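Visitor: Take a look at this one; I'll ask things after.
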Amino acid sequence: MNRPDFMTEALSEAEAAGARGEVPIGAIIVQGGEIIARAGNRTRELPDSTAHAEMLVIREASQRLTAERLGECDLYVTLEPCTMCAAAISFARIRRLYFGAADPKGGAVISGVRFFSSPTCHHAPEVYPGISEIGSSELLKRFFRERR
């Protein structure tokens with residue numbers, strides 16, 4: 001699979017989250033060209049304000065690999081990570097971060113606090129924004145439009 005195909009898988013997780021009534025954000029972690037973990041938001045279902053797709057997928061990958069560091073792994077997520085998730089990505093030592101839509105209000109990678117540029121950030125992944133941006137953005141817009 002190539003990057004767009006991996007983002008298609010993350011979008012599938014986002015759609016499943018939306019179908020559960022969650023904000024439709026999905027994420028996958030890839031190691032050696034293979035998806036090793038997948039998740040969508042579950043903040044309402046669990047109820048847990050930290051159950052963002054990124055947090056859940058990092059936990060799943062760490063458990064599967066029995067490792068707290070995921071330095072050989074890449075994360076694909078449909079929305080720019082928030083500060084909490086950016087910190088988790090840094091702590092997990094994720095190698096590359098690919099994300100779909102930017103989040104000017106809550107994002108912390110290219111928006112807001114720009115966590116990875118902070119002098120106190122111990123590890124910054126390679127960052128690739130805008131992967132399947134239109135599909136990611138449209139999914140979120142449709143979700144919120146249907147609820148208003």
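The values are calculated or read from the model by the stated rules, or taken from the named source; none is laboratory data. Quick caveat: nothing in here was measured; it's all calculated off a predicted structure. Cβ: placed from backbone, ideal geometry, glycine included. Neighbour counts: every protein chain shown. Note: areas computed on protein heavy atoms with side chains; ligands, DNA, RNA excluded. Shrake-Rupley method; radii C 1.70, N 1.55, O 1.52, S 1.80 Å.
Visitor: I'd like the carbon and sulfur percentage of the solvent accessible area for the chain, probe radius 1.4 Å, heavy atoms only, ligands and nucleic acids excluded.
Guide: Numbers: 3740 of 7450 Å².
In the chain, the share of accessible area belonging to carbon and sulfur is 50 percent.
Visitor: Under 11 Å from the Cβ of GLY107, count the other residues' Cβ atoms, weight Lys and Arg +1, Asp and Glu -1, and hand me the total. Intermediate values should be presented prior to the final figure.
Guide: Details: positive: LYS105, ARG114; negative: GLU80, ASP103.
Value of the local net charge: 0.
Visitor: Rounded to the nearest 5, what % of DSSP beta bridges with both residues in region 1-147 are antiparallel? Numbers along the way, then the final one.
Guide: Numbers: 11 of 19 bridges.
Just about 60 percent of them are antiparallel.
Visitor: Only Lys, Arg, Asp and Glu count, each charged at its Cβ (+1, +1, -1, -1), so figure out the dipole size of region 95-146 about its Cα centre, rounded to 20 debye. Working shown, then result.
Guide: Values: 7 positive and 5 negative charges, 13 e Å.
Rounded to the nearest 20 debye, it is 60 debye.
Visitor: If I build a Gaussian network model for the chain, linking alpha-carbon pairs within less than 10 angstrom, which residue out of GLY32, GLY106, GLY71 has the largest mean-square fluctuation?
Guide: GLY32
Visitor: In the Gaussian network model of the chain, springs joining C-alpha atoms below 10 Å, which of PRO24, PRO81, PRO129 carries the largest mean-square fluctuation?
Guide: PRO129
Visitor: Can you give me the relative contact order of the chain as a percent, contacts being Cα pairs under 8 Å and 6 or more apart?
Guide: On the way: 326 pairs, mean separation 30.2, N = 148.
This gives 20 percent for the chain.
Visitor: A further question follows. Where in the chain is the longest stretch that carries no GluC sites (Glu not before Pro) classed as loop by DSSP and with at most 14 other Cβ atoms within 10 Å? Working shown, then result.
Guide: Values: sites that count: GLU45, GLU68, GLU72.
Value returned for the longest uninterrupted segment is 73-148.
Visitor: Still on this structure, I have one more. Just the accessible area per residue of the chain, please: how many Å² with a 1.4 Å probe?
Guide: Numbers: 7450 Å² over 148 residues.
Per residue, the chain has 50 Å² of solvent-accessible surface.
Visitor: Just to be sure I understand: with springs between alpha-carbon atoms less than 10 Å apart, which residue in THR50, THR83, THR120 has the highest mean-square fluctuation in the Gaussian network model of the chain?
Guide: THR120
Visitor: Considering the options LEU70, HIS122, THR8, tell which one lies farthest towards the positive end of the dipole of the chain, charges being +1 on Lys and Arg and -1 on Asp and Glu at the Cβ, about the Cα centre.
Guide: The residue sitting most towards the positive pole is HIS122.
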